[in-house]
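*Asks:* Input: one structure, supplied below.
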Amino acid sequence: MYDRGMSITPKERVESDLRTALKAGDKRRLATLRLLLAEIENEQIREGSEIDETRLFALVRKGIKQRRESAEQYRSGDREESAVAEEAEAAILEEYLPQQASEEELRSAVRAIIEEKGLEGPRGIGPVMSAMMERYAGRADGSMVSRIARELLS
């Protein structure tokens, strides 16, 4: 959906997708993108400058996490329709994240970092997490990396 070769800002990308959703009459996508655009604009005001892709990814991950938590709460309250709506919004937001690394790829990378740095035991988790989040920014789920690191360092 997004060509990284183009010199388009994250905000411009969301605005373009919002216009497309408006023309298509896709109400759920339109509402989700309006909320994301508002978050982007608020962040730009806080930062005093355009946001970059890394910051966009953080905003998107935050939005996905909020929607998944809401879906869980709706399910516990026996409100399946609302839970499905929240999950649909999370799926729309996921389109703005880069392709996620597979568990096998992450496991291999964690193993390589452990060997490279000679890490052992629970004290090695911090350095592994730091290196992995730097190498796989936006492409790795922190909880999965942590689980793999704990597993391999125990």
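Computed from the coordinates by the stated procedures, all read-outs in this text should not be read as laboratory data. In this text, all values refer to a predicted model and were calculated from it rather than measured experimentally. Heads up, the Cβs are rebuilt from the backbone with ideal geometry, glycines too, and the neighbour counts pull from every protein chain shown.
*Asks:* Kindly give the semi-axes, whole Å and largest first, of the ellipsoid equivalent to the chain, taking each as the square root of 5 times a Cα gyration tensor eigenvalue.
*Replies:* 33, 21, 13
*Asks:* Using θ = phi - 60° and the Karplus relation 6.51 cos²θ - 1.76 cosθ + 1.60, list the HN-Hα couplings for segment 87-100 in order, rounded to whole Hz, with x at every Gly or Pro.
*Replies:* So the Karplus estimates, Gly and Pro as x, are 5, 5, 5, 4, 5, 5, 5, 4, 5, 8, 9, x, 4, 6 Hz.
*Asks:* Okay, next question. With each run of n ≥ 4 DSSP H residues scored as -39500 (n - 2.57), what mean residue ellipticity at 222 nm is computed for the chain after dividing by its residue count and rounding to the nearest 500 deg cm²/dmol?
*Replies:* My calculation for the chain gives -24500 deg cm²/dmol from helical runs alone.
*Asks:* Take the Cα atoms of segment 10-94, find their three principal axes, and give me the spread along each one in whole Å, biggest first.
*Replies:* 43, 29, 17
*Asks:* Then there is this: Estimate the FRET efficiency between Ala112 and Ala137 by the formula 1/(1 + (r/R0)^6), using the beta-carbon distance for r and 25 Å for R0, to the nearest 0.05.
*Replies:* 0.90
*Asks:* Under 10 Å, Cα contacts only: if you run a Gaussian network model on the chain, which one of Arg139, Arg75, Arg34 comes out with the highest mean-square fluctuation?
*Replies:* Greatest mean-square fluctuation among the candidates belongs to Arg75.
*Asks:* Something else: Students often get this wrong, so check it: of Lys27/Lys62; Lys62/Lys117; Lys27/Lys65, which have C-alpha atoms separated by over 26 Å?
*Replies:* Exceeds cut-off: Lys62/Lys117.
*Asks:* Still on this structure, please answer the following. Take the chain, mark every one of the GluC sites (Glu not before Pro) that falls in a DSSP loop and has at most 16 other Cβ within 10 Å, then report the longest stretch left between them, sites excluded.
*Replies:* 1-49
*Asks:* Among Arg13, Arg123, Arg55, determine the one that fluctuates most according to a GNM of the chain built with springs between C-alpha atoms less than 10 Å apart.
*Replies:* Fluctuation is largest for Arg123.
*Asks:* To continue, here is another question. Taking a virtual spin label 7 Å from the Cα of Asn42 along the C-beta vector, which residues in segment 65-86 bring their backbone nitrogen under 15 Å of it?
*Replies:* Label zone hits: 65-67.
*Asks:* Got the relative contact order for the chain handy, in percent, Cα pairs under 8 Å and 6 or more residues apart?
*Replies:* For the chain, the relative contact order is 19 percent.
*Asks:* If you average over every viewing direction, what projected area does the convex hull of the Cα atoms of segment 103-153 give, in nm²?
*Replies:* Averaging across all directions leaves 2.9 nm² for the Cα convex hull.
*Asks:* Can you list the chymotrypsin sites (Phe, Trp or Tyr not before Pro) in segment 1-80 that are in a DSSP coil and have 16 or fewer other beta carbons within 10 angstrom?
*Replies:* Tyr2
*Asks:* Go through segment 104-109 residue by residue and turn each phi into a ³J(HN,Hα) via Karplus (6.51, -1.76, 1.60, θ = phi - 60°); whole Hz please, and just put x for glycine and proline.
*Replies:* Residue by residue, segment 104-109 yields 5, 4, 5, 4, 5, 5 Hz.
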